[in-house]
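*Asks:* Got a structure here, written out as structure tokens. Questions coming.
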Amino acid sequence: MVNGDRDLGSYFLELAWLGSARAGIDMDVDEEEASPTELNTINCSGGFLVVSTDKLSVQYTGVNMHGYDVGAVQANRPAPVKRLVYYFEITVRNAGAKGQIAIGFTTESFKMRRQPGWEANSYGYHGDDGHLYRGHGKGDAFGPTFTTGDTVGGGINYATQEFFFTKNGVVVGTTFKDVKGPLFPTVAVHSQNEEVAVNFGKDPFVFDLKAFEAQERTKLQMMIEKISLPQNISYGIVRSYLLHYGYEETLNSFDLASKCTVPPINMAQEKSFNEQENMYALSQRKTLRQLIRNGKIDDALSILRESHPQIVQDDKSATCFLLHCQKFIELVRVGELEEAVKYGRIELARYFGLREFEELVQDCVALLAYEQPQKSSVGYLLEESQRELVADTVNAMILSTNPNLKDSQGCLHSYLERLLRQLTACCLKRRSLDGDQGEAFLLHRVLNSGKKIKC
């Protein structure tokens with residue numbers, strides 16, 4: 001909750017600090033998860049199988065005197081979870097005496113002398129009967145049998161929390177995944193001369209994994225599109241965004257365009273958001289935003305001192321600090337370094353020693369140390385996003401002076417942004433309920449990818 005001008009300013013000061021912390025970091029790059037690459041020759045039932053030297057094929061060498069004489073082997077790593085789908089394949093080189101070959105997923109504690117699916121917390125699709133085994137020795141009818149020459153795959157669909165299995169490039173069935181912990185791709189052989197080769201993705205899969213992932217994303221999008229929303233609600237959301245940030249000219253063009261739609265948008269009906277708050281000082285907010293975006297900080301300060309003196313009367317406020325920093329930055333931008341030094345000694349010096357301002361002051365001063373500051377570690381200060389941050393701060397502070405203000409949160413975020421924040425929170429909560437498995441939801445990536453978010 002935001003209470004008072006100091007808290008408002010501190011919010012934007014924190015955003016500025018985050019800009020410093022993230023400088024030089026590519027926010028679109030996720031930490032790469034280690035994926036399975038080979039079979040684990042240490043944790044396997046070695047007395048009944050032989051793993052090839054490349055650790056990508058396995059052959060049963062026992063005589064199969066007992067039901068527990070299974071040759072099972074896991075991958076060297078568990079299936080990665082930060083993705084939409086994980087998948088691997090085996091190709092049956094030799095079905096052997098009985099074709100008792102299995103593919104599936106098991107936990108780390110799985111007993112390696114058992115078929116996947118025969119023990120709790122394991123799942124397996126078996127070639128001799130085509131059954132699916134889910135944690136006990138009795139299988140369920142599932143798909144066709146498989147034998148020499150067949151390629152069979154096992155996958156985890158994290159979006160639906162299901163296992164799926166394929167044969168020769170075609171999905172044969174799915175089953176609900178009720179295990180949350182790490183799962184290892186697992187293969188098993190169980191009769192003499194059975195041999196399979198494993199593909200963890202080094203070679204192209206027989207199954208079209210990319211097409212499957214695209215299909216799953218389409219299903220998710222169709223579910224979203226089926227949600228019933230009031231007609232033209234997106235119009236009101238966009239309009240409130242333009243009002244909130246003072247984009248007056250764009251707003252006028254937007255309203256004009258809405259009159260030309262077929263059928264025309266009912267203006268009275270769509271103005272359901274609290275426009276009284278967002279209309280407050282609209283022209284002034286528009287002018288100040290344009291000045292700050294053009295680097296004319298002195299002009300912006302002049303207007304603020306005349307029209308909203310309460311915002312800049314405290315020289316030690318976060319708003320004044322960000323404006324003075326931006327003035328310093330603009331001088332560096334145009335190469336007026338001597339003026340920047342003089343300005344810094346007068347205006348920025350008062351913030352030295354104040355902990356909440358210290359890091360940003362140091363970054364501003366550091367701009368003077370580089371011949372090409374835009375390419376330095378503090379170059380983020382010269383980006384347009386820094387101007388936008390200062391403009392957003394001033395915009396919020398003016399909105400906070402509205403005597404009719406009912407919701408202080410409205411100063412910080414438009415309705416559109418609040419909806420996106422709620423969307424992000426819901427997606428993160430849903431992922432946590434799935435054991436933090438599945439693709440991470442990154443809103444900035446969705447927006448920058450050009451994909452449409454259906455309102």
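The values are calculated or read from the model by the stated rules, or taken from the named source; none is laboratory data. Just so you know, these numbers come straight off a predicted model, no measurement behind them. Positions of Cβ are generated from backbone atoms using ideal geometry, with glycine treated the same way; all protein chains shown enter the neighbour counts. The accessibility values were calculated without ligands, DNA or RNA, using every heavy atom of the protein model including side chains. Shrake-Rupley method; radii C 1.70, N 1.55, O 1.52, S 1.80 Å.
*Asks:* Kindly list, by first and then second residue, each pair from a residue in the range 278-291 that is free of Cβ contacts under 8 Å to residues at least 60 places away in the same chain to a residue that is open to solvent by 30 Å² or more (accessible area, probe 1.4 Å), limited to pairs with Cβ atoms under 8 Å and residues at least 6 apart or on different chains.
*Replies:* LEU282/GLU248; SER283/GLU248; LYS286/TYR247; LYS286/GLU248; LYS286/GLU249; THR287/ILE303; LEU291/ASP299; LEU291/ILE303
*Asks:* Can you confirm whether LYS226 is within 25 Å of the chain's Cα centre (by Cα) and either open to solvent by less than 60 Å² (accessible area, probe 1.4 Å) or hydroxyl-bearing (Ser, Thr, Tyr) (or both)? Can you show your working first?
*Replies:* Details: within 25 Å of the chain's Cα centre (by Cα): yes; either open to solvent by less than 60 Å² (accessible area, probe 1.4 Å) or hydroxyl-bearing (Ser, Thr, Tyr) (or both): no.
Here the answer is no, as LYS226 does not meet what is asked.
*Asks:* Then there's this: Kindly indicate whether ASP299 is over 15 Å from LEU389 (Cβ atoms), open to solvent by 10 Å² or more (accessible area, probe 1.4 Å) and either in contact with a Phe, Trp or Tyr (Cβ under 7 Å, 6 or more places away or on another chain) or part of a loop (DSSP other than H, G, I, E, B) (or both).
*Replies:* In short, no.
*Asks:* Of the residues PHE176, PHE200, PHE146, which single one is more than 22 Å from GLY62 (Cα to Cα) and touching a residue at least 40 places away in the same chain (Cβ under 8 Å)?
*Replies:* Working: PHE176 fails: touching a residue at least 40 places away in the same chain (Cβ under 8 Å); PHE146 fails: more than 22 Å from GLY62 (Cα to Cα).
Every option except PHE200 fails the conditions.
*Asks:* Here are some conditions: (1) assigned to a strand (DSSP E or B); (2) open to solvent by less than 10 Å² (accessible area, probe 1.4 Å); (3) modelled with pLDDT of 95 or more. TYR133 meets all but one. Which one does it not meet?
*Replies:* It fails just one condition, (2).
*Asks:* Going by the conditions given, is LEU18 among the aliphatic types (A, V, I, L, M) and modelled with pLDDT of 75 or more?
*Replies:* no
*Asks:* When you go through (1) in contact with a Lys or Arg (Cβ under 9 Å, 6 or more places away or on another chain); (2) not in a strand (DSSP E or B) one by one for VAL81, which number turns out not to apply?
*Replies:* (1)
*Asks:* I'm checking my understanding of the structure. Among residues of the range 60-80 that are touching a Leu at 6+ places or on another chain (Cβ under 9 Å) and closer than 15 Å to LYS177 by Cβ, which one is surrounded by the most Cβ atoms within 10 Å (Cβ to Cβ)?
*Replies:* ALA79
*Asks:* Go through THR91, THR145, THR61 for me and flag whichever is more than 25 Å from ASN168 (Cα to Cα) and of a type in the set (Val, Ile, Thr).
*Replies:* Criteria check complete, one pass: THR61.
*Asks:* Among the residues of the range 96-110, which ones are open to solvent by 10 Å² or more (accessible area, probe 1.4 Å) and either without any contact (Cβ under 8 Å) to a residue 24 or more places away in the chain or among the aliphatic types (A, V, I, L, M) (or both)?
*Replies:* Those that are open to solvent by 10 Å² or more (accessible area, probe 1.4 Å) and either without any contact (Cβ under 8 Å) to a residue 24 or more places away in the chain or among the aliphatic types (A, V, I, L, M) (or both): ALA97, SER109.
*Asks:* While we're on this one: ARG217 - would you say it is over 30 Å from THR166 (Cα atoms), basic (Lys, Arg) and surrounded by 11 or more Cβ atoms within 10 Å (Cβ to Cβ)?
*Replies:* So ARG217 does not fit the description; no.
*Asks:* With ILE42, ILE25 as the choices, which residue is at pLDDT 65 or above and either open to solvent by less than 30 Å² (accessible area, probe 1.4 Å) or farther than 15 Å from VAL196 by Cβ (or both)?
*Replies:* Exactly one of ILE42, ILE25 is at pLDDT 65 or above and either open to solvent by less than 30 Å² (accessible area, probe 1.4 Å) or farther than 15 Å from VAL196 by Cβ (or both), namely ILE42.
*Asks:* Out of (1) under 21 Å from LEU348 (Cα atoms); (2) open to solvent by 60 Å² or more (accessible area, probe 1.4 Å), what's the single condition that is false for GLN290?
*Replies:* Status for GLN290: all satisfied but (1).
*Asks:* Quick check: anything in the range 269-281 modelled with pLDDT under 75, of a type in the set (Phe, Trp, Tyr) and in a loop (DSSP other than H, G, I, E, B)?
*Replies:* yes
*Asks:* Sticking with this structure for a sec: Restricting the search to the range 377-403, which residues are within 25 Å of PHE352 (Cβ to Cβ) and open to solvent by 30 Å² or more (accessible area, probe 1.4 Å)?
*Replies:* The answer is SER377, GLU383.
*Asks:* If you don't mind, another one. Applying the selection to the range 347-376, what residues are within 19 Å of ALA318 (Cβ to Cβ), surrounded by fewer than 17 Cβ atoms within 10 Å (Cβ to Cβ) and not acidic (Asp, Glu)? Before you say what the answer is, go through the steps one by one.
*Replies:* Quick first cut of the range 347-376, residues within 19 Å of ALA318 (Cβ to Cβ) only: 347-365.
Remaining after also requiring surrounded by fewer than 17 Cβ atoms within 10 Å (Cβ to Cβ): 349-350, 352-356, 358-359, 362.
Result: ALA349, ARG350, PHE352, GLY353, LEU354, ARG355, GLN362.
*Asks:* Can you say whether LEU8 is at pLDDT 85 or above and either more than 28 Å from the chain's Cα centre (by Cα) or open to solvent by less than 50 Å² (accessible area, probe 1.4 Å) (or both), as far as the supplied structure shows?
*Replies:* Criteria not met by LEU8.
*Asks:* Taking into account only those residues within the range 208-217 that are in a helix (DSSP H, G or I) and at pLDDT 90 or above, which is nearest to GLY153 (Cα to Cα)?
*Replies:* By that ranking, first place goes to LEU209.
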